[in-house]
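Some notes on the structure that comes next.
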Amino acid sequence: MKKKIFLNYYDEKNLARKKEYLFCIQKNLNLNFISEIYIFLNKDINKKEILNLKNSQKITFIHIVDRVNFDDIIKFCIKNFNEKCIIIISNLDIFLDQSNEWENIDKDFFAIGTKEKSLVCSRHNFEEHKLPDETLYFEKLSWDRGDFSDVWVFEYPFNNIFLKENFNFSVGNAPGCDGLMMGLMNKYYSTFAWGKKYKIYHYDICRKDTSNKAKLNFYISSKISGKRVSFILNDRADINPTLRMNEWYRIPNNQNWEKILYEKSNGVAYKSRLNSNYKIKNKLSLIYHILLFKLSQTIYKINKIL
């Protein structure tokens, strides 16, 4: 079964960051089990640097006005694909492991156990020895809790009832998009957070030293119910998922996914800590985070001018 990756590329001004993106695209192009990579981008972006990559014949460009939403990818698949395939939606700074697990995911995962299942993958950091200890500490906490994911995998065609949901929110750079997508997937699929087996690597070194985090306002941390929460924020961040906090879920990674797969059972998924059962608390959290994000974006714009 063919395996297809979907990415969103944009005109990154930070040369070091752009090199990280191109490195990840090249790593994905090198995967022998990937038949095609679909890259959404603005028509005015210069494609030369991407086309100069090895194996670029695998790439199909799809022009969009701004940035890609999950909705754009889902609609593209429905319009253009007539056969079964594996759909892999990925953040741009991610590359898949060259492994038998990924190569055989159709036979060893989707063809076994419950018919309606999907996969989310939490990342392993590429060259993690270059990352600050603080970053690694909080990512370890989030990994164990299953707060985030960077890759979302489906067998096409999609579940028809799943398609009735609202997917009009950005893939990445959208605080809460991971939790929202996991919540939507978990409603209709047995969703596996199996990043330990289906490994993906995250390449984001240049932005994460202390000086860059302060300059770029890379994330704001706050404490909710005694736990620290971090969000990536800049002037392009999509806050639409924030407006849907009541749909956020998390899927802990440390579950016996092998047993769950073969017993045709479901893994454990929890409401996110910002998805409260208390309406008043939920509204206060929503108002607080919207104000926080708007303030952060304003500070980011001022810093860019200065």
From 89, 112, 73, residue being touching a helix residue (DSSP H, G or I) at 6+ places or on another chain (Cβ under 7 Å) and not in a loop (DSSP other than H, G, I, E, B): 89
Selection count where residues are without any contact (Cβ under 8 Å) to a residue 24 or more places away in the chain and assigned to a loop (DSSP other than H, G, I, E, B), scope the stretch 116-165: 2
Where residue 54 falls short, out of the listed (1) loosely packed, with under 15 Cβ neighbours inside 10 Å; (2) of a type in the set (D, E, K, R); (3) at pLDDT 95 or above; (4) touching an Asp or Glu at 6+ places or on another chain (Cβ under 9 Å): (4)
Pair list, Cβ under 9 Å, 6 or more apart: the stretch 88-104 residue touching a residue at least 12 places away in the same chain (Cβ under 8 Å) and among the basic types (Lys, Arg), other residue assigned to a strand (DSSP E or B) and crowded, with 22+ Cβ neighbours inside 10 Å: none
Boolean, residue 88 is more than 19 Å from the chain's Cα centre (by Cα), among the β-branched types (Val, Ile, Thr) and closer than 23 Å to residue 181 by Cα: no
Leading residue by the ranking (surrounded by the fewest Cβ atoms within 10 Å (Cβ to Cβ)) among those in the stretch 132-165 that are out of contact with any Asp or Glu (no Cβ under 8 Å at 6 or more places or on another chain) and of a type in the set (Gly, Ala, Ser): 142
Residue match in the stretch 19-31 (condition: surrounded by 15 or more Cβ atoms within 10 Å (Cβ to Cβ), part of a helix (DSSP H, G or I) and among the polar types (S, T, N, Q)): yes
Filtered residues of the stretch 166-183 (kept if among the hydrophobic types (A, V, I, L, M, F, W, C) and either free of Cβ contacts under 8 Å to residues at least 40 places away in the same chain or surrounded by 23 or more Cβ atoms within 10 Å (Cβ to Cβ) (or both)): 171, 174, 177, 180, 181, 182
So residue 119, is it over 26 Å from residue 146 (Cα atoms), surrounded by 14 or more Cβ atoms within 10 Å (Cβ to Cβ) and either out of contact with any Asp or Glu (no Cβ under 6 Å at 6 or more places or on another chain) or not aliphatic (A, V, I, L, M) (or both): no
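The values are calculated or read from the model by the stated rules, or taken from the named source; none is laboratory data. Everything numeric here is computed off the predicted structure, so don't read it as measured data. Please note: Cβ atoms are built from the backbone with ideal geometry, for glycine as well, and neighbour counts cover all protein chains shown.
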